[in-house]
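The values are calculated or read from the model by the stated rules, or taken from the named source; none is laboratory data. Since we're looking at a predicted model, the values are computed, not measured. Cβ sites come from the backbone with ideal geometry, for glycine too, and all protein chains shown count toward neighbours.
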Amino acid sequence: MSFLDIHDLGARYGSLRVLDGIDLSVEQGEVVSLIGPSGSGKSTLLKVITGLMKPDRGRVTLAGAAVDYSNRKSLKAARDRLAIVFQQYNLFGNMTVLRNVTVAPTTIKKRNRRQVEEKARELLDRVGLGDKLHVYPDQLSGGQQQRVAIARALCLEPEILLLDEVTSALDPERVSEVLDTIRLLAKDNIAMLIVSHEMSFVRDVSHRIAFMADGRVQEIGSPEQIFDNPQTDRTRDFVGRIS
Ligand code: ADP
Ligand code: MG
């Protein structure tokens, strides 16, 4: 079985059906990207996986355990294995960069403060912010703040990292520094599920790409398949329009 295994997943907002039978898997260390038109349910899928929204049918299995989204213990066990970064980085404005990264592991996960700090310094170094440990978020550019948010997610030591359009709120000249950071991390054998509109990045970083429309995965395959040899008309239309 795959590290993350999703079968026939459904979800809705009131009477609006948003996920309508999602089947998707991510292997250990695999990078899978979700592409598709706005409103196709990509963010909703990430929300359901992380337990921010409840599914109304189907099943999610993480590291071999079925996630019961109505059961606090099961949900906590799942959340311990994943981390998510959103478009809006939402750093704590009253905390330094270093504290932003260490606060959840030390307070929520109650891990050893010195070890967490060491890890945080190492991560901030990797995302190119080793010299910004003691500054506050408002002294950083959007791209730098988003890299702090990525370091913060990684300090939780997730086995899978979910990224939802993490460059969409950035100035164009800041996009590449964040994408380069993600490329670097992808080499580390951490599993990732990435939603992005940056098609050349998606093509370059992903092992597989899933095309979503109408709350379903319409096609999944290698970057070459999706971009050069799509198997469905809808995928062809979509990649034809955006690339
Ligand atoms: P994507 O991320 O692919 O753009 P979303 O998952 O955000 O798509 O949205 C899927 C559908 O669900 C859209 O029709 C959107 O309008 C609707 N939707 C998203 N969030 C909400 C919400 N909080 N309440 C009601 N409808 C929502
Ligand atoms: Mg979205």
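One residue stands out in the stretch 40-66 among those that are in a helix (DSSP H, G or I) and more than 10 Å from ligand 1 (Cβ to nearest atom): the one that is surrounded by the fewest Cβ atoms within 10 Å (Cβ to Cβ), namely Thr50.
Residues are listed down the side, and each one gets a yes or a no for (1) part of a strand (DSSP E or B); (2) within 16 Å of ligand 2 (Cβ to nearest atom); (3) not β-branched (Val, Ile, Thr):
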| site | (1), (2), (3) |
| --- | --- |
| Glu177 | no, no, yes |
| Thr181 | no, no, no |
| Leu185 | no, no, yes |
| Asp188 | no, no, yes |
| Ser200 | no, no, yes |
| Met212 | yes, yes, yes |
| Glu219 | yes, no, yes |
| Gln225 | no, no, yes |
| Gly240 | no, no, yes |
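What about Asp131, is it among the charged types (D, E, K, R) and part of a loop (DSSP other than H, G, I, E, B)? In short, yes.
Residues are listed down the side, and each one gets a yes or a no for (1) within 19 Å of His7 (Cβ to Cβ); (2) within 16 Å of ligand 2 (Cβ to nearest atom); (3) touching a His at 6+ places or on another chain (Cβ under 7 Å); (4) in contact (Cβ under 8 Å) with a residue 40 or more places away in the chain:
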residue: Leu45; (1), (2), (3), (4): yes, yes, no, yes
residue: Val67; (1), (2), (3), (4): yes, no, no, no
residue: Arg81; (1), (2), (3), (4): yes, no, no, yes
residue: Val85; (1), (2), (3), (4): no, yes, no, yes
residue: Arg111; (1), (2), (3), (4): no, no, no, no
residue: Leu133; (1), (2), (3), (4): no, no, no, no
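Scanning the stretch 197-233 for residues that are modelled with pLDDT of 95 or more and among the polar types (S, T, N, Q) yields Ser206, Gln218, Ser222, Gln225, Asn229, Gln231, Thr232. Among the residues of the stretch 19-35, the ones that are surrounded by fewer than 22 Cβ atoms within 10 Å (Cβ to Cβ) and either within 13 Å of ligand 2 (Cβ to nearest atom) or assigned to a loop (DSSP other than H, G, I, E, B) (or both) come to 4 in all.
For the stretch 71-104, which residues satisfy the criterion of being small (Gly, Ala, Ser) and either closer than 27 Å to Gln28 by Cβ or under 19 Å from the mean Cα position of the chain (by Cα) (or both)?
Scanning the stretch 71-104 gives Ser74, Ala77, Ala78, Ala83, Ala104.
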